[in-house]
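Working notes for the structure below.
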Amino acid sequence: MGGVMLSLLLLLLTPGRGLEFRYHDTIEVEEYLLFINKTYPNITHLYSIGQSVQGRELWVLALGSSPRRHVLGIPEFKYIANMHGNEVVGRVMLLQLIDHLVQGYYSNEPLSSRLLNSTRIHILPSMNPDGFEASDTNCVYSLGRFNQNGVDLNRNFPDSFSGRRRQQQPIQEVRREVEVQAVMDWLKTETFVLSANLHGGALVASYPYDNSNGGRELVGGASVSPDNDVFVHLAKAYSYNHGSMHRGDSCHISKPFTDGITNGYQWYPLPGGMQDYNYIWAQCLELTLELSCCKYPPVNQLPSIWQQNRAALLAFIKQVHLGVKGRVFDSSGIPVQNAMVEVSGRRNLCPFRTNQHGEYYRLLLPGNHTFTVTFPGHQAVTETLNVPYGPDLYSAFTHNFLLPAQPTASPVHTSTPPCNHTPHWMPLDGGGPTKRPLWVGLSLVLGLGMWLTSLLY
């Protein structure tokens, strides 16, 4: 037992610096998360969302003043790293972020304390631990990129554009990899508001849409979402708090990125990506953050990469407090699930809806925004709200909606309109893994050059 504890201390600490800067293997990461959860039980909760193909746990550490369960009005945020097994910088950054947050909270560092008191933060350091264990240290090539089944996890999510091509093609049902299914099931258990997935091989903040079918969303070479203004703000919030991303470094592989940001499709089309799935189906606004030109940087570069990213990682979490939040109540004052909460001028492919607690969250920039809320058997309510900038206050503007009952002379609708499209996917037999507490080729080929580019990121 003493040997185990000694190895843990050697793993965790270097004199005066906290968590050691190096690449920790899957077993070491698990030991570290167990250690943090045991050491800081009041602000951390460790759980698994499933297992990889080879049976490695997909551990998530939740941090906050109420880490084990959702609290009304407290937004849910998540970071995911190491989706591509050989892109390892994000994995290191998230472990360092955990160390920074818990140390900061208990030393009364203001930013860490306010973030954990106002937000529930979920961190999945590795979505593809099998790929990590198989990877080498090459800066560019893709050994270890895929999961154990040889699948690129960032091409395996349902794609809202895949069944809506101008020239319809038969839709092939895609078997979801267990790591992808685990994330999809995870999104059903929490109302995530904001998210980022961390990659390597470039230096840029990329935002939806990643794909297009050549419809009205395609504008000037970009695939523009209804919340494009918010996404641009979020991407700049990361790039301008980063030590150098905002300068637009191209890593010598493409043209410079203005402000260090890019629309995903304008960079290169990506079908089946995770960030589009989060946004369209789970009403969670997600970015893809490329954090280093080298996918597997030398160990001696890790401290400087952390210094480049630390402020940006923290500033991005604060953006979960943009816009408006609140609850929707029926005519009896009971909170209602599945009420549609729509904002004028933002026709989302899947309308935003209230969760099981009757809560809604809408990330919006400051200004006047007109909301329309609908629920079966009730009159629609339309209100214009003047929305302030919430991140500096660590709280979005709070506004509740009370829906009057439908007059008896009017027809009563029994259901709300469904999502504008049907997900074209087939779940794994028996469904995906459930959340467990600690205690127990491409569908669209755009030419060889584009295909090779897509394999780099």
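Throughout, read-outs are computed from the coordinates displayed, never taken from laboratory work. What you see is a predicted model; the values in this text were computed from it and never measured. With ideal geometry, Cβ positions are generated from the backbone for all residues, glycine too; neighbour counts draw on all protein chains shown.
Listed values, structure above:
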item: log10 of Debye I(q)/I(0), alpha-carbon scatterers only, for segment 157-284 at 0.10, 0.20 Å⁻¹; result: -0.35, -1.24
item: Mean projected area (nm²) of the alpha-carbon convex hull when segment 25-96 is viewed from all directions; result: 5.3 nm²
item: Equivalent ellipsoid dimensions for segment 324-402 as semi-axes, Å, which come from the Cα gyration tensor, largest first; result: 20, 14, 11
item: Residue order, fewest to most surrounding Cβ atoms within 10 angstrom, among ASP227, ASP249, ASP159; result: ASP249, ASP227, ASP159
item: Compactness of segment 120-219 - radius of gyration and Dmax, Cα, Å; result: 15.9, 44
item: Sorted largest first, extent of segment 18-320 alpha carbons per principal axis (Å); result: 58, 44, 40
item: Residue exposure sequence - GLU87, GLU177, GLU20 - by fewest surrounding Cβ within 10 Å; result: GLU20, GLU177, GLU87
item: Links that overshoot a 19 Å alpha carbon limit, given the list LYS78/LYS188; LYS295/LYS318; LYS38/LYS78; result: LYS295/LYS318; LYS38/LYS78
item: Cβ-based exposure ranking for PHE375, PHE192, PHE35, in which fewest neighbours within 10 Å come first; result: PHE35, PHE192, PHE375
